[in-house]
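Input: a single structure, listed below in structure tokens.
Coordinate-derived values only; no laboratory data. Keep in mind that what you see is a predicted model, and the values were worked out from it rather than measured. Here the Cβ positions follow ideal geometry from the backbone for every residue, glycine too, while neighbour counts run over all protein chains shown.
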Amino acid sequence: MRSLSDVAAGEVRWHRERRGLTRDQLADACARNGAPQLTYSALVNIETGRKDKQTKQRRRDITVDELAVLAYSLGVPPVALLFPVGREEYSEIEPLPGHTALTWDALRWFTGEGPLPTKAPDGAERPWAVRNEDFADWRADRAGLDDYRWHERYLEEWRGDRKEAARARSATAREEAEARAAEAAPKLWDVRVRLRQKGLRLPELPAELAHIDADDYRPDWGWTNR
């Protein structure tokens, strides 16, 4: 099983060749995007996994900054270089040393969308499982990623309902869309409370929803959940 560094290096080469770019062309793109150190020679060492004769270590790993530049230059998200979903040879991957997981599950863990299921010992009833402590860590959402996603989702729903209300051809349809839009306020308030508790920056709100941050705001949940 290859390390994430090895996987990323192989994916740089795969995406480069897929786009019909030479190493010189990719090096030029990386220089324009802020990483002049990713020269032709550096890309050779990265892509081939060339190792030092004495230490047996890779001569050139990719830094986090370089991963971002390489991904941008290749026109793919950085996570795609680490977790190549859909590639036959990467149906399983090693997101942590000694821990094997399905590539899609590992990607979702990396982006904060789910806990990390790992491979159980041979003979186990369930081949892939999430440890209780790993689930608890993910559910805690200490980085607030899940809350930010819900915040964005609620705002999108609110904007959609507002547009629908503005385009409604009847009073009934307009009132129904406005009622749905009103349901976003308590949901957004709830998410923002959690973000405050975690000490995280609150996303900006449209002026029409700014009132939910007032100290005297009291959410009207009605029949809505979450």
**OP:** Counting helices only, and only those DSSP H runs with n ≥ 4, report the 222 nm mean residue ellipticity of the chain as the sum of -39,500 (n - 2.57) divided by its residues, in deg cm²/dmol to the nearest 500.
**Re:** -16000 deg cm²/dmol
Original post:
Considering only the other residues whose Cβ falls under 12 Å of the Cβ of Glu164, what net charge follows from Lys and Arg at +1 and Asp and Glu at -1?
Top reply: +2
Original post:
What Kirkwood radius, in Å to one decimal, follows from the Cα pairs of segment 1-82?
Top reply: 12.5
**OP:** Within the chain, what's the longest run with no GluC sites (Glu not before Pro) in a DSSP loop and at most 16 other beta-carbon atoms within 10 Å? Give the range, please.
**Re:** 1-112
Original post:
What does the charge add up to near Glu175, with Lys and Arg as +1, Asp and Glu as -1, over the other residues with Cβ less than 12 Å from its Cβ?
Top reply: -2
Original post:
Which trypsin sites (Lys or Arg not before Pro) does segment 175-219 hold that lie in a coil by DSSP with at most 11 other beta carbons within 10 Å?
Top reply: Arg201
